[in-house]
Amino acid sequence: MKDCLFCKIIAGEIPSAKVYEDENVYAFRDINPMAPTHVLVVPKTHVASLADIGGVSDTVLAACLRACGAIAEQEGLKGGFRVASNCGPDACQSVQHLHFHVLGGKKLTEVMG
Ligand code: 5GP
Ligand code: ZN
């Protein structure tokens, strides 16, 4: 989608540190990491958030979650990891292209909200 930051990253128009890619998913390091590993997993097709996935195939959604697990293994997150997807203003979503944060590499805080 035109003017979408993550669509531009997927297209290679904006540089990113790629961590993982398959036919449905692209993943790259967050520019402002909150943990030693902080990766963003995004579907290659544009969708704004989890509130808007009616037209997204189960294959694509499953690919996103499988990618999160694959990245955790690739990054050696043996102690565990967290996956989060901010959806809408109350969750402080700042980029309107569905993404899953994969966080790990340290003891994360219990605070989720
Ligand atoms: P949100 O706040 O929408 O859940 O997450 C958006 C994330 O995108 C933030 O963690 C932010 O640091 C990251 N981000 C914003 N702009 C860029 C960018 O240009 N490159 C990368 N790699 N990450 C970005
Ligand atoms: Zn997009």
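Taken together, the values in this text are just the output of simple stated rules run on the coordinates, not laboratory data. Keep in mind that this is a model prediction, so the values were computed, not measured. Ideal geometry is used to build each Cβ from the backbone, glycine not excepted, and the neighbour counts take in all protein chains shown.
Report the residue, chosen from ASN86, ASN32, ASN24, that carries the largest GNM mean-square fluctuation when the chain is represented by alpha-carbon nodes joined by springs under 10 Å.
The residue that fluctuates most here is ASN32.
For ASP52 and SER94, compute 0.36 nm times the residue count separating them, minus their Cα-Cα distance, and round to one decimal in nm.
Extending this stretch completely gives an extra 13.6 nm.
Quick one: longest stretch of the chain between exposed loop GluC sites (Glu not before Pro), exposed meaning at most 13 other C-beta atoms within 10 Å and loop per DSSP?
24-109
Quick check on the exposure proxy: order MET112, MET34 from fewest to most C-beta atoms within 10 angstrom.
Final ranking by Cβ density, sparse to dense: MET112, MET34.
Using a Förster radius of 25 Å, what is the FRET efficiency between ASP22 and LYS78 based on their Cβ-Cβ separation? Nearest 0.05, please.
Computed FRET efficiency for ASP22 and LYS78 comes out at 0.60.
For the pair ARG66/ASP3, report the inter-label distance in nm, with labels modelled 7 Å from Cα in the Cβ direction.
Once both label points are built, they end up 3.5 nm from each other.
Please work out the Kirkwood hydrodynamic radius for region 5-104, using every pair of different C-alpha atoms, and report it in angstroms with one decimal place.
When all Cα pairs of region 5-104 are included, the Kirkwood radius is 13.6 Å.
What is the Cα convex hull volume of region 33-84 when expressed per residue in Å³?
Roughly 92 Å³ of hull volume per residue.
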